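Visitor: Provided herewith is a single structure, encoded as structure tokens, for subsequent inquiry.
The values are calculated or read from the model by the stated rules, or taken from the named source; none is laboratory data. What you see is a predicted model; the values in this text were computed from it and never measured. Using ideal geometry, Cβ is built from the backbone for each residue, glycine included, and neighbour counts are taken over all protein chains shown.
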Amino acid sequence: MDDIGWHALVAAAKAASAQAYCPFSGFAVGAAVRAADGRIFAGCNVENASYGLAVCAERNAVFHAVAAGAREIVAVAVYTPTPMYATPCGACRQVLLEFGRNAEVLCACEGAEHGRFTVSSLLPHGFAIPPR
């Protein structure tokens, strides 16, 4: 994906982070995924008083994509309004592996540094069914 594509994906993730519902952690996260057909789907973290019922931004974005019929994710942007970037949690890595084993992941923040990975590098030897 080119720089313009990444810029659009990060912008969608940043916009989604502004909608985060995080009264407990105060840690707003936005994510956006690009499907193989070029569509972009965004999501934010949504916390709950029953902590186990919360959903991360990355899974929220993937689930939006799947609900719209997308089955292959090719790129992911994660944004946090923090000085240092954050990477997806283990649960999100597993979900991303299901729909984008080879997807590129860009982790962005307000600071100058960013992280760039593949889903497979974030979750080596992850549990997955054979590629379809």
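Visitor: Restricting the search to segment 1-36, which residues are among the aromatic types (F, W, Y), closer than 22 Å to S50 by Cα and either surrounded by 14 or more Cβ atoms within 10 Å (Cβ to Cβ) or touching a His at 6+ places or on another chain (Cβ under 7 Å) (or both)?
Guide: F27 - this is the single residue of segment 1-36 that is among the aromatic types (F, W, Y), closer than 22 Å to S50 by Cα and either surrounded by 14 or more Cβ atoms within 10 Å (Cβ to Cβ) or touching a His at 6+ places or on another chain (Cβ under 7 Å) (or both).
Visitor: Which residue, of A42, A49, is without any contact (Cβ under 8 Å) to a residue 40 or more places away in the chain, buried (at least 21 other Cβ atoms within 10 Å of the Cβ) and either of a type outside the set (S, T, Y) or under 19 Å from H125 (Cα atoms) (or both)?
Guide: Checking each option against the conditions leaves just A42.
Visitor: Still on this structure, please answer the following. For residues that are free of Cβ contacts under 8 Å to residues at least 60 places away in the same chain and over 10 Å from the mean Cα position of the chain (by Cα), scanning just segment 78-88, find the one that is farthest from A36 (Cα to Cα).
Guide: Taking the candidates together, the pick is P83.
Visitor: Right, next: Just a yes or no: is a residue in segment 89-105 of a type in the set (F, W, Y), part of a helix (DSSP H, G or I) and at pLDDT below 95?
Guide: no
Visitor: Mind checking whether some residue in segment 48-65 is touching a Pro at 6+ places or on another chain (Cβ under 6 Å), in a helix (DSSP H, G or I) and modelled with pLDDT of 95 or more?
Guide: Within segment 48-65, one or more residues are touching a Pro at 6+ places or on another chain (Cβ under 6 Å), in a helix (DSSP H, G or I) and modelled with pLDDT of 95 or more.
Visitor: Please tell me if F117 is part of a loop (DSSP other than H, G, I, E, B), at pLDDT 95 or above and touching a Ser or Thr at 6+ places or on another chain (Cβ under 9 Å).
Guide: Taking the combined requirement at face value, the residue does not satisfy it.
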